[in-house]
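Please treat every number below as a calculation from the coordinates, not as lab data. The model shown is predicted, which means the values in this text are computed figures rather than measured ones. FYI the Cβ positions are ideal-geometry reconstructions off the backbone, even for glycines, and counts take in every protein chain you see.
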Amino acid sequence: MIIDILNSNYDEYVTNNKNFVILDFGATNCAPCKILNNILEEIDKQYENITIGKINIEENIDIAVKFGIMSVPAIVFIKDNKIIEKVNGLKDKQYIEKVIEKNK
């Protein structure tokens, strides 16, 4: 299940999370963001012990600023509460799988 990350639940799902975390930064009217969301839904079904969080930057600007997000879509990969990788733009499923496999 992909979780909507808000300012109010950020610590629960990101800071205090022991799983590998993928944060998907997007916006409502962003076509590439919708494509990425479909890819991440596939990834979510494929892997256990991974938390995928979707962050709407229009509604959660504080989180976007915290991560220095300047454009969407953007993906931040986190392990042990540390940023492993941060990428901008639409990435394919294979790219995301490589990052997961490399950092399990």
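Measuring r between the beta carbons of Lys104 and Lys34 and using R0 = 41 Å, the FRET efficiency lands at 0.90. In this rough spin-label picture, where each label sits 7 Å from Cα along the Cβ direction, the Gln94-Glu58 distance is 3.3 nm. Other residues within the sphere of radius under 13 Å centred on the Cβ of Asp92, judged by their own Cβ, net out at +1 (K and R +1, D and E -1).
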